[in-house]
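A.B. asks: Provided herewith is a single structure, encoded as structure tokens, for subsequent inquiry.
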Amino acid sequence: MTNSIHAITMPKLGLSMTEGAVVEWRVDIGGEVKPGELIADIETSKIVNELEAQVSGALRRTVVETGVEVPVGALIAVVADADVPDASIDSFISRYTGDDGVASEPAEAPGISDVPEIQEERSSSPATGQPSAAIPESLLGDYDPQAVFASHHAHKLARRLGINLAAISGTGRAGRISKTDVEDAVKVAGGSIAPAPAVVPKPAATGGPVRTTPVARRLAKQHGIDLSDVQPTGTRGRITKGDVLRFIDRAQPTAATAAMPATESPVPNPFHEHSLSPVRKVIADRLSDSKRTAPHFRLSVDVIIDKLLELRRDIEQGGSETRVSVNDMLVRAAALALAQHPEVNIQFDGQAVRGFAHADIAVAVALDEGLVTPIVRRADQKGLIEIAGELAGLVERARIGKLMPDEFQGGTFTLSNLGMFGIKSFDAIINPPQAAIMAVGKAERRLYVGEGDSGRVATFMTVTLSCDHRVIDGAMGAGFLQTFKDILHHPGRLLL
Amino acid sequence: MAQKSFREAINEALHEEMARDDTVFVIGEDIAGGTGGDGEEDAWGGVMGVTKGLLGRFGSNRVIDTPISEMSYIGAAVGAAATGMRPVAELMFCDFAGCCFDQLMNQAAKLRYMLGGQAKVPLVVRMQCGGGFNAAAQHSQTLHALFTHIPGLKVVMPSNPRDAKGLLVEAIRDDDPVMFMEHKFMYDDKGDVPDEPYTIPLGIADYTRDGEDVTICALGRMVNLSNQAADELAKEGIACTVVDLRCTSPLDEESVLESLEETGRLVIVDEGYPRCGFAADVAALAARSGFGYLKAPVQTVTPPHTTIPFAPILEELYIPDVDRIKQAVKATLA
């Protein structure tokens, strides 16, 4: 029967994918699937992919809940013919072993219960005093220690029990008499020295799909602890015995808190807790890594954008079908400035600096699930209309979670614009392996001191560049920013 | 009994064996001194003075200076051994084994086996090992583990002048290739050495201290540090057995396990790299065959798994010392 039961496992959708979550089941339990039909949506770092069936049958069981991350290769569902009994499905699931070896083993794993464990020290330990011994007459007597080649402990035992070592033959290297030789000789002659150590069977280990050490698993079971609450510190993310013990320690109220009168406890503030989504996790990991390892410095500059806005109006009135936004113009301006400052158009992995021939500008897009940064490739070679069209497509695909990995991975520079939220200015965290990111604030009318010390009004925008000081120095960043500002002050260049 | 240095003990063993058996000869870089140059012959007797006086007594046919090519003269020594001689080659530093490892690993170690016992390779390779001389990463290693890993090679590391002489005589008379490791820090160490020839069998350990609380296993110079630690601990009421293994191949497992049975506590001290090394090997022996005896986790005292630093302060921290041994012993009692 088993050969008509098929395991559906978490697919590996990219080289770096190690785990994923089912976002949604596309088939109800009991529903028929055929090869090529959708079974589920799988979410990995930043993308949602569709999982197609490779086999036909009914979706009999889903093993993971939606939104829960599991490793690549882990069992997520079972497909089988409708006439396969439920019991067979259950036993298939309980016996299933994934490719990565993370498997649920049956509760009574054969072999494990046979492992003997020595419970007590040998009762004949010399430290405890006289070993109980019965030495046959034939072995008793004195001997010349210089004339007999025996180990230190063979001599020692012989002395204590009055054994004549010359009467015993050695089996050791170069004919040496070992302590075991003495013990064996006594036994062969019908005597005894010490009882064998007591042996008790080890309790059988219980199994489960959680990444833990066997001891931690047993301990958690004894204390009724849900292992998913325990913070793992072991190798490959395993929960160790120590982790469980720490959890127990923390869970137990200390004497002081236990003694506190209940009336004094404050009204608890209800809270909701959830684990990070894959997207959030990637953002958290990458940005904390960036902030920790890259020494950031920031350069701010005020740009007057009246001419830029004028140009944009002209383009709009020119009847272009594609709407060109200020942001599109900033992408083009940054790309042109980077073309003139290749020392900023780089990636850095901590070891080597990669200088790029073209500017691939990543644009930060805020989604409900978190930030994504789709990339306009070779923006220095593309016109405003092309950039605008491409960026609109990328943002649309990002919104519905259909970006391909190569549409958001890489890039040589990032642009982040929070102007639409009324933010005056801010600084951003570099998006590794890039070495610089530009943060754009809102456009606003400001009074400023113009020629002849006269008060003037213009539309300003504050731009802040964050640079990785390991590879970009202040003057390099400033030079780039100057060029960028210059382009915006003479926006006709954007059309070249 | 006469007090002799480690250097004199080895020199005496070479003199006696070369006089006893004319198939014994020595070969190596600068062991006679002056060959091919204007310098004085036998001025030093090798870089450490170990071969001093051999040239005058046995002549340049049996005391052979070679070009600086470990590959060529170790290869020549392997060939000579396979054809009936008993060469004692001097590899100036064990670190240079890299230059002649094929000759040792694939030829010397395997000929007897591959030819079904029709050939034997009665070769001795003497070499300096050990740190503490500020001689930097390529002249300070203790590579006994490297040789021990190869079946067919015997590996000896004496801890005192008396053992050095007895073990070297045994190694020369042994029909298999023997790697003989001399710690460069110990050439001036003195001890009782009998004048007459004697041998100490390979693979037989010596208890240099006897106590029932903790077993300390060591080799070469580490035995002396362990003895010192044991003596200091004895004043605090902690009695240690120090097992001087003398050889890593063959290994005297019996002497380790018998002592462990008595003490239930094991510390292993080694100057070699820790990974897949002597300390790990003996710890595995205890886990495999002495598990029932153990009352506490086995402790190892080794350098960290890094290259030997040149900076004297770092080198001092790197090499195991008496304090670290004492701490390890106490850790087994904690």
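A.B. asks: Kindly establish whether A:VAL395 is open to solvent by 10 Å² or more (accessible area, probe 1.4 Å) and either in a helix (DSSP H, G or I) or not assigned by TED's automatic domain parsing to the domain that holds A:GLU444 (or both).
C.D. replies: Values: open to solvent by 10 Å² or more (accessible area, probe 1.4 Å): yes; either in a helix (DSSP H, G or I) or not assigned by TED's automatic domain parsing to the domain that holds A:GLU444 (or both): yes.
So A:VAL395 passes the test.
A.B. asks: Okay, moving on. Within segment B:209-239, restricting attention to residues that are in contact (Cβ under 8 Å) with a residue 24 or more places away in the chain and of a type in the set (D, E, K, R), which residue is nearest to B:LEU294 (Cα to Cα)?
C.D. replies: Checking each candidate, the answer is B:ASP213.
A.B. asks: Is there a residue in segment A:319-327 that is exposed (fewer than 11 other Cβ atoms within 10 Å of the Cβ) and in the same structural domain as A:ALA475 (by TED's automatic domain parsing)?
C.D. replies: Checking segment A:319-327: at least one residue is exposed (fewer than 11 other Cβ atoms within 10 Å of the Cβ) and in the same structural domain as A:ALA475 (by TED's automatic domain parsing).
A.B. asks: If A:VAL331 satisfies all but one of (1) open to solvent by less than 90 Å² (accessible area, probe 1.4 Å); (2) at pLDDT below 95, what's the number of the condition it fails?
C.D. replies: Answer for A:VAL331: the failing condition is (2).
A.B. asks: Here's a follow-up. Can you work out which of the residues in segment A:435-475 that are over 35 Å from the mean Cα position of the chain (by Cα) and in a helix (DSSP H, G or I) is nearest to A:GLN351 (Cα to Cα)?
C.D. replies: The qualifying residue nearest to A:GLN351 (Cα to Cα) is A:ALA475.
A.B. asks: Among the numbered criteria (1) at pLDDT below 80; (2) farther than 19 Å from A:VAL68 by Cβ; (3) not in a helix (DSSP H, G or I), which single criterion is violated by A:THR263?
C.D. replies: (3)
A.B. asks: Now for a different question. Test B:ILE204 against the stated conditions and say whether it is buried (at least 21 other Cβ atoms within 10 Å of the Cβ), within 14 Å of another protein chain (Cβ to nearest Cβ) and farther than 19 Å from B:GLY272 by Cα.
C.D. replies: yes
A.B. asks: Going through segment B:172-190 one residue at a time, which ones are farther than 23 Å from B:LEU143 by Cβ and either touching an Asp or Glu at 6+ places or on another chain (Cβ under 9 Å) or free of Cβ contacts under 8 Å to residues at least 24 places away in the same chain (or both)?
C.D. replies: B:ARG173, B:LYS190
A.B. asks: How many residues does segment B:222-257 contain that are touching a Leu at 6+ places or on another chain (Cβ under 9 Å), open to solvent by 10 Å² or more (accessible area, probe 1.4 Å) and of a type outside the set (S, T, N, Q)?
C.D. replies: The qualifying residues number 7.
A.B. asks: Which strands (runs of 3 or more DSSP E) does segment B:221-334 wholly contain that include 2 or more residues that are within 30 Å of A:GLY170 (Cβ to Cβ) and within 14 Å of chain A (Cβ to nearest Cβ)? Outline the logic, then answer.
C.D. replies: Values: elements: B:240-244, B:247-249, B:266-269, B:299-301.
Answer list for segment B:221-334: B:240-244, B:247-249.
A.B. asks: If you don't mind, there's one more thing I want to ask. Would you tally the residues in segment B:184-201 being open to solvent by 80 Å² or more (accessible area, probe 1.4 Å) and not in a loop (DSSP other than H, G, I, E, B)?
C.D. replies: Residues in segment B:184-201 being open to solvent by 80 Å² or more (accessible area, probe 1.4 Å) and not in a loop (DSSP other than H, G, I, E, B): 1 in total.
A.B. asks: In addition: Just one of B:ALA334, B:ALA286 is more than 20 Å from the chain's Cα centre (by Cα) and open to solvent by less than 30 Å² (accessible area, probe 1.4 Å); which is it?
C.D. replies: That would be B:ALA286, the only listed residue that is more than 20 Å from the chain's Cα centre (by Cα) and open to solvent by less than 30 Å² (accessible area, probe 1.4 Å).
A.B. asks: Is it true that some residue in segment A:191-205 is more than 10 Å from chain B (Cβ to nearest Cβ), modelled with pLDDT of 75 or more and surrounded by 16 or more Cβ atoms within 10 Å (Cβ to Cβ)?
C.D. replies: Yes, that holds for at least one residue.
A.B. asks: Sticking with this structure for a sec: Which condition number does B:MET179 fail, the rest of (1) among the hydrophobic types (A, V, I, L, M, F, W, C); (2) farther than 15 Å from B:VAL78 by Cβ; (3) surrounded by 24 or more Cβ atoms within 10 Å (Cβ to Cβ) being met?
C.D. replies: All conditions are met except number (2).
A.B. asks: Filter segment A:398-427 for residues that are free of Cβ contacts under 8 Å to residues at least 40 places away in the same chain, more than 24 Å from A:GLU343 (Cβ to Cβ) and surrounded by 15 or more Cβ atoms within 10 Å (Cβ to Cβ) and give the result.
C.D. replies: A:ALA398, A:GLU407, A:LEU418, A:PHE426, listed by residue number.
A.B. asks: Can you tell me which residue is nearest to B:GLU271 (Cα to Cα) among those in segment B:118-142 that are in contact with a helix residue (DSSP H, G or I) (Cβ under 8 Å, 6 or more places away or on another chain) and open to solvent by 20 Å² or more (accessible area, probe 1.4 Å)?
C.D. replies: The initial filter retains those residues of segment B:118-142 that are in contact with a helix residue (DSSP H, G or I) (Cβ under 8 Å, 6 or more places away or on another chain), namely B:119-132, B:134, B:138-142.
Cutting the leftovers down to open to solvent by 20 Å² or more (accessible area, probe 1.4 Å) gives us B:120, B:132, B:134, B:138-139, B:141.
Values: B:LYS120: 31, B:GLY132: 11, B:ASN134: 15, B:GLN138: 15, B:HIS139: 14, B:GLN141: 8 Å.
Taking the candidates together, the pick is B:GLN141.
A.B. asks: If you don't mind, another one. Name the residues in segment A:155-185 that are assigned to a loop (DSSP other than H, G, I, E, B), in contact (Cβ under 8 Å) with a residue 12 or more places away in the chain and either at the interface with another protein chain (Cβ under 10 Å from one of its Cβ atoms) or touching a helix residue (DSSP H, G or I) at 6+ places or on another chain (Cβ under 8 Å) (or both), would you?
C.D. replies: So in segment A:155-185, the residues assigned to a loop (DSSP other than H, G, I, E, B) come out as A:162, A:164, A:168-172, A:176, A:178.
Those still in the list that are in contact (Cβ under 8 Å) with a residue 12 or more places away in the chain too: A:162, A:164, A:168-170, A:172, A:176, A:178.
Within segment A:155-185, A:ASN164, A:ILE168, A:SER169, A:GLY170, A:GLY172, A:ARG176, A:SER178 meet the criteria.
The values are calculated or read from the model by the stated rules, or taken from the named source; none is laboratory data. On a predicted model such as this, the values are computed, not experimentally measured, just so you know. Using ideal geometry, Cβ is built from the backbone for each residue, glycine included, and neighbour counts are taken over all protein chains shown. Heads up: the accessible areas ignore ligands, DNA and RNA and are worked out on the full protein's heavy atoms, side chains in. Shrake-Rupley method; radii C 1.70, N 1.55, O 1.52, S 1.80 Å.
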